[in-house]
Amino acid sequence: MLDLQRLRALHAVSVHGTVGAAAAALGYTPSAVSQQIAKLERETRTILLERRGRGVRLTEQAEQLASTAQELLAIVERAETDLEERRGMPAGRLTVAAFASAARGLMPAVLADLAVRHPALDTRLTEIDPHLSVDLVARGAVDMAVAHDWDISPLPAPPGVEQAVIGDDLCDLLVPAGHPFAGRASVRREDLGGQRWICQPPGRVCHDWLVRTLRVAGSEPDIVHQAEENPTLVALVAAGLGVALIPRLGRGPLPAGVVEVALDPLPVRRLYALWRAGAARRPAIAETVRTLQSHWPTLTARP
């Protein structure tokens, strides 16, 4: 008999690419995942992982077994959904992937609320970029994702994945206090050319939006500093090193020396909750979506 938890560990490595990332997604230590894989290798008398540089790769046999594991996990999910639906109460484990500012600005209150009102529900959060989280939902690696798109770059939902709108997050131009824009009530997108920009690295949704927006407005952005986290971007603006476009969700109070200026029109990113269609009947899914929507911060909608 193949152990389901060991198959789950192998499937997680297949989806996330590394033992460390799989462990983070499952809520285990890397050594625990490695032990599960080692036991599965002994049970199957098959080599499943091969060293490649500092990482690992799945063997051909492991890829086949991981595919079978995905089918088995889907069957288990349907069984758990049926049981939870019959009980009519959110219960069991619910894994949620959320991008950084949602994980910081939205999820703590949501998770705390769910824990108080539904103690039988074990909700677990992983911070993951929205480019990746939607695919993780489709592949069954997580139960739900909180992701976002921009007004000029819609978020595609793959077949078999359903979604609900959580809310709209507005984005402002942040400039140093001595900047010429600092005294203006608003700035048009056409006026943004020639600035020294601070933003996230290429491949991130915010970076791609900035480049596309400025090109549509007729200018090529001069990106002088790049950082992953919004607080770092704000700190660089406070040091007078450039300007940045940063959403309001999870941003926190601005430090001295940074001025918020409205763009005309205001950039908008829309937040979604996404889940597999097969899990739509789970009370845990419906209740988590309702809780996300009810906790949507009012500060993001201020004029």
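The values are calculated or read from the model by the stated rules, or taken from the named source; none is laboratory data. Small disclaimer: the values here were computed from a predicted structure and weren't measured. So basically every Cβ, Gly included, is an ideal-geometry build from the backbone, and we count neighbours across all protein chains shown. Heavy atoms of the whole protein, side chains included, go into the accessibility calculation; ligands, DNA and RNA do not. Shrake-Rupley method; radii C 1.70, N 1.55, O 1.52, S 1.80 Å.
For segment 15-66, how many residues meet the condition of being of a type in the set (Asp, Glu) and in contact with an Asp or Glu (Cβ under 9 Å, 6 or more places away or on another chain)? Going through segment 15-66 one residue at a time, the tally reaches 1. Look at segment 10-27: where a residue is open to solvent by 30 Å² or more (accessible area, probe 1.4 Å) and a partner is assigned to a helix (DSSP H, G or I) and among the aliphatic types (A, V, I, L, M), sitting 6+ places away or on another chain with Cβ atoms under 7 Å, you get Ser14/Ala66; His16/Ala22; His16/Ala25. Among the residues that make up segment 42-56, is at least one of them open to solvent by less than 80 Å² (accessible area, probe 1.4 Å) and among the charged types (D, E, K, R)? Among the residues of segment 42-56, at least one is open to solvent by less than 80 Å² (accessible area, probe 1.4 Å) and among the charged types (D, E, K, R), which makes the answer yes.
May I ask you to say which residue of Arg196, Arg251, Arg269 is surrounded by fewer than 20 Cβ atoms within 10 Å (Cβ to Cβ) and of a type in the set (Lys, Arg)? Show your work before the answer.
Values: Arg251 fails: surrounded by fewer than 20 Cβ atoms within 10 Å (Cβ to Cβ); Arg269 fails: surrounded by fewer than 20 Cβ atoms within 10 Å (Cβ to Cβ).
Testing whether each residue is surrounded by fewer than 20 Cβ atoms within 10 Å (Cβ to Cβ) and of a type in the set (Lys, Arg) leaves just Arg196.
Of the set (1) in a helix (DSSP H, G or I); (2) farther than 29 Å from Ala147 by Cα; (3) of a type in the set (A, V, I, L, M, F, W, C), all apply to Ile47 but (1). Does any residue of segment 111-122 turn out to be under 15 Å from the mean Cα position of the chain (by Cα), charged (D, E, K, R) and either within 30 Å of Pro231 (Cα to Cα) or open to solvent by less than 20 Å² (accessible area, probe 1.4 Å) (or both)? No - not one qualifying residue is present in segment 111-122. Going through (1) outside any strand (DSSP E or B); (2) in contact (Cβ under 8 Å) with a residue 60 or more places away in the chain; (3) under 20 Å from Val211 (Cβ atoms); (4) open to solvent by less than 40 Å² (accessible area, probe 1.4 Å) one by one, His131 falls short only on (4).
Does Glu190 count as farther than 30 Å from Ala286 by Cα, open to solvent by 30 Å² or more (accessible area, probe 1.4 Å), charged (D, E, K, R) and part of a helix (DSSP H, G or I)? For Glu190, the condition - farther than 30 Å from Ala286 by Cα, open to solvent by 30 Å² or more (accessible area, probe 1.4 Å), charged (D, E, K, R) and part of a helix (DSSP H, G or I) - is met.
If I filter segment 160-167 for residues that are more than 30 Å from Ser186 (Cα to Cα), more than 15 Å from the chain's Cα centre (by Cα) and without any contact (Cβ under 8 Å) to a residue 24 or more places away in the chain, do I get at least one hit? No - not one qualifying residue is present in segment 160-167.
When Gly240 is tested against (1) open to solvent by 40 Å² or more (accessible area, probe 1.4 Å); (2) in contact with a Pro (Cβ under 7 Å, 6 or more places away or on another chain); (3) closer than 18 Å to Gly167 by Cα, just one condition goes unmet, and that condition is (3). The set of residues in segment 57-79 that are more than 26 Å from the chain's Cα centre (by Cα) and farther than 22 Å from Ile47 by Cα contains only Ala79. Would you mind stating whether Ala9 is modelled with pLDDT of 85 or more and part of a helix (DSSP H, G or I)? Judged against the criteria, Ala9 is a match. Within the span defined as segment 79-97, one or more residues are β-branched (Val, Ile, Thr), surrounded by 19 or more Cβ atoms within 10 Å (Cβ to Cβ) and either in contact with a Pro (Cβ under 8 Å, 6 or more places away or on another chain) or modelled with pLDDT under 90 (or both). The set of residues from segment 272-301 being crowded, with 18+ Cβ neighbours inside 10 Å and among the small types (Gly, Ala, Ser) comprises Ala273, Ala279, Ala284.
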